[in-house]
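We did not get these values from a lab; they are worked out from the coordinates using the rules stated. This is a predicted model, so every value here is computed, not measured. Cβ sites come from the backbone with ideal geometry, for glycine too, and all protein chains shown count toward neighbours.
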Amino acid sequence: MTTLPLASILLPTHNRPDYAELALRSALAQTYPNLEIVVSDNSDDERTRERFAPYVAADPRIRYHRIASCPAMENFQNCYELARGDYVNFLMDDDLFHPQKISIMMQAMLLHPEVGIVSSARQLITGDGHPMPAPAHLRPLAEVDTLIGGRSLGTHLTQNGNVLGEPTTALFRKAAAGPVFGMYQGRKYIVVSDVASWLTILSTSDCIYLKDALSFFRIHPEQDQRNQRTQLRGHLEGLSMACDVWDHGMFLPRDQAYRERISTQLAQTVALLLPTYELTRDPMFDHEKIADTVARATRILLS
């Protein structure tokens, strides 16, 4: 009997024991028979460790690692480096998996060796788990299960935002993403780390998009995306990524239309920097990198 490949569910968590326990339960409920669940916990207290302890003792598939108070992206990367499977799927600690998510996605992946990533529609839920209607930009990418060429989808992603979904949404080949999650064109991204990795994967492989929602993305007030510093960094990274896409030259042509797009992003970023300058005193901002990003965009406009 042929053993199915190992799939790794990666659960980085920080100070959310209630939501994280629900996420863990959804991972344990997966029907795929050969998986590991890697937990990297950088919480400021021991509540999550204590909550997870009975599960860790009862199920050998769980590999729990405690690295107290390290930065969020280091916790994310720690999870990624610890994965033993060739196929990985992050599970954010406030999200949930459909019980058949990994099984359905692995079946699609194994049938198509040219595919590096499998994603699907996702269902938005409230803080207490009730379904929410999706805004237009989060509606399904396709109405039927679809094999999409990597270059074509990469172009669509750079033009329309993260249509593939958050890290919870996608299963991917670790080899296609590389040893560091969030890298694109040799540059490390934090806020848009998922988009960076999706573009890296789509540079060399194709995608299968499944029409049915196989993950549940929770919307609640404590999400980091709502933090003003995170939003500012996201704008800066978006401008940097636009420059990287230009340098890469694979997904969009280096033409006047793309220059105009970079010009718009540059103007929006500078306009956001002016009233929020005090935020850049935070150690998360590197002033030299900000200046370099603005200079790169300006050079493209003048080229």
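Simple point charges give the picture: +1 on the Cβ of Lys and Arg, -1 on the Cβ of Asp and Glu, and for the chain a dipole about the Cα centre of about 460 debye.
Per residue, the convex hull spanned by the Cα atoms of segment 38-158 measures out at 166 cubic angstrom.
Taking other C-beta atoms within 10 angstrom as a stand-in for reagent exposure, Ser120, Ser203 fall in the order Ser203, Ser120, fewest first.
Shape class of segment 155-227 from the alpha-carbon gyration tensor: oblate, with a/c at 1.5 or above and b/c at least as large as a/b. Residues within the reach of a label modelled at Arg259 (point 7 angstrom out along Cα to beta-carbon, backbone nitrogen below 13 Å), restricted to segment 286-302, are 298-302. Amide H contacts under 5 Å for Leu141: none, restricted to partners 5 or more places along the chain or on a different chain, H placed in the peptide plane at 1.01 Å from N. Take the Cα of Ser69, step 7 Å toward its Cβ, do the same at Asn34, and the gap between the two points is 4.2 nm.
Among the GluC sites (Glu not before Pro) found in segment 46-121, those both in a DSSP coil and sparsely packed, with 14 or fewer other Cβ atoms within 10 Å of their Cβ, are Glu46, Glu114.
Give me Rg over Rh for the chain, both radii from the alpha carbons and Rh done the Kirkwood way, two decimal places.
The Rg/Rh ratio comes out at 0.97.
All C-alpha to C-alpha distances of segment 227-302, sorted into 5 Å bins beginning at zero, yield P(r) values of 3, 16, 29, 24, 14, 9, 5, 1 percent in whole numbers. Once you put a point 7 Å from the Cα of Val270 and another 7 Å from the Cα of Thr3, both along the Cβ direction, what distance in nm separates them? Simple spin-label model gives 5.9 nm for this pair. Label point of Asn15 set 7 angstrom out along Cα-Cβ; within segment 45-89, amide nitrogens under 12 Å from it belong to 45, 69-70, 72. Pull out a ≥ b ≥ c, the square roots of the eigenvalues of the alpha-carbon gyration tensor of segment 136-266, then state rounded if a/c is under 1.5, prolate if not and a/b is larger than b/c, and oblate in the remaining case. Rounded, since a/c falls under 1.5.
First measure r as the distance between the Cβ atoms of His156 and Leu301, then evaluate 1/(1 + (r/R0)^6) with R0 = 25 Å and state the FRET efficiency to the nearest 0.05.
Efficiency computed from Cβ-Cβ geometry: 0.55.
Extension gain for His137 to His287 (0.36 nm times residue separation, less C-alpha to C-alpha distance): 50.8 nm. Here Asp247 and Ala57 are evaluated by their C-beta separation; at R0 = 45 Å the FRET efficiency comes out at 0.35.
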